[in-house]
1. Compute the Kirkwood hydrodynamic radius of region 60-123, taking the inverse of the mean of 1/r over all pairs of distinct Cα atoms, and give it in Å to one decimal.
2. So, in Å, what gap is there between the alpha-carbon centers of region 84-113 and region 135-163?
3. Let me know the number of lysine pairs in region 5-278 closer than 18 Å at the Cα, not counting same-chain pairs under 8 apart.
4. Give the range of the longest stretch in the chain that excludes all GluC sites (Glu not before Pro) found in loop regions by DSSP and having at most 14 other beta-carbon atoms within 10 Å.
5. For the chain, with every protein chain kept in place, what is the accessible area per residue (1.4 Å probe, Å²)?
6. Tell me the label only: which of (i) 28, 22, 18; (ii) 42, 20, 17; (iii) 43, 39, 16 is semi-axes √(5λ) of the Cα gyration tensor in Å as calculated from this structure?
7. Using the C-alpha gyration tensor of region 220-287, what are the square roots of 5 times its eigenvalues, in whole angstrom, with the largest one first?
8. With θ set to phi - 60°, apply the Karplus curve 6.51 cos²θ - 1.76 cosθ + 1.60 along region 135-148 and write out the HN-Hα couplings as whole Hz, x wherever there is a Gly or Pro.
Amino acid sequence: MSDLLIKPAPDQKTYHSLTSDQAGWTYLNFEAKILDVNEQISGNTGEYEYCFVLLGGNFKVEAAGQTWETRNGRKDVFSGIGHAMYLSRNTDYTLTAQSPQTDIAICRVASDEDHPPRMKRPEEAAIEYRGGDNANRQINSLLEPGFDCHKIVCVEVYTPSGNWSSFPAHKHDVRTEDENGKLIEANLEEIYFYKIDKPQGYAIQQVYTEDRSLDEIIRVHHNEAVLVPKGYHPVVAGHGYNVYYLNFLAGSDQSLANTSDPDHDWIYGTWKGSDPRLPIVTAEMNG
């Protein structure tokens with residue numbers, strides 16, 4: 001099995017718990033949990049900023065003297081757009097599940113900055129369709145570049161059956177600026193956390209560097225995750241299966257600046273049309 005493939009813990013309510021040390025990283029820590037109705041998570045964010053993403057159900061967050069409720073949560077990731085709750089460092093919080101089988105993903109990243117807490121709601125998410133033909137996919141920005149936080153970037157991506165995604169392949173592992181100081185490529189750690197719309201479905205992800213010192217092809221199933229420590233990382237959805245992945249990224253910049261694989265740059269601008277199956281989800285589906 002690939003060292004980059006992380007399988008969920010069977011029959012555990014916390015079915016993913018990955019620290020940056022375990023991943024060999026500096027920044028990203030990741031969890032995924034199932035909560036019963038009225039079950040709570042309480043604590044203090046300490047020296048970390050947090051992002052909670054609602055995968056299914058509803059929750060309430062009490063923090064910094066305020067209360068946020070999702071209210072129009074989704075049944076699952078194929079039934080609407082996610083809520084994202086951002087909390088800064090040194091913040092006491094209580095998250096309360098408001099429905100059975102509330103499914104949440106959590107990212108935490110070390111931070112030495114203070115930013116305001118905020119719940120990003122589905123109707124606020126910018127929706128983008130990237131690529132074309134059978135490389136067309138939907139991106140919902142939850143904590144997008146420019147969001148008022150320190151390092152976390154979070155997007156969710158929907159790839160229709162048989163389509164390519166994160167393609168043409170790109171990388172973000174060397175921080176690069178142009179002669180004017182404009183950021184060309186950020187150095188980012190990234191996790192791909194997958195949901196598939198049928199239990200037997202799968203996606204295939206490649207992670208490779210130009211010199212092929214890293215070159216892995218990984219078959220990924222529902223609730224599994226893939227670590228991207230460096231290199232290019234395209235995805236293809238298995239035919240017959242719509243594929244969702246949640247991306248958390250953190251690193252040198254709160255940015256998605258990247259460099260594409262020059263072998264495939266010719267593909268840009270060649271697409272003839274759009275996939276009529278998009279969008280797969282909308283905010284109107286929530287609740």
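The values are calculated or read from the model by the stated rules, or taken from the named source; none is laboratory data. Model, not experiment: these values are computed from the prediction. In this analysis, Cβ positions are derived from the backbone assuming ideal geometry, glycine residues included, and neighbour counts consider all displayed protein chains. Accessible surface areas use protein heavy atoms only, side chains included; no ligands, DNA or RNA. Shrake-Rupley method; radii C 1.70, N 1.55, O 1.52, S 1.80 Å.
1. Details: mean 1/r = 0.0770 Å⁻¹.
Answer for region 60-123: a Kirkwood hydrodynamic radius of 13.0 Å.
2. When both Cα centres are located, 19 Å separates them.
3. For region 5-278, the number of qualifying lysine pairs is 20.
4. Values: sites that count: Glu47, Glu113, Glu179, Glu210.
The answer is 211-287.
5. Values: 12290 Å² over 287 residues.
So the chain comes to 43 Å² accessible per residue, rounded to a whole number.
6. Looking at semi-axes √(5λ) of the Cα gyration tensor in Å for this model, the match is (i).
7. Details: eigenvalues 111, 84, 46 Å².
Sorted largest first and rounded, they come to 24, 20, 15 Å.
8. Going residue by residue, I get 10, 8, 8, 10, 10, 10, 7, 9, 10, 7, x, x, 4, 6 Hz, with x marking Gly and Pro.
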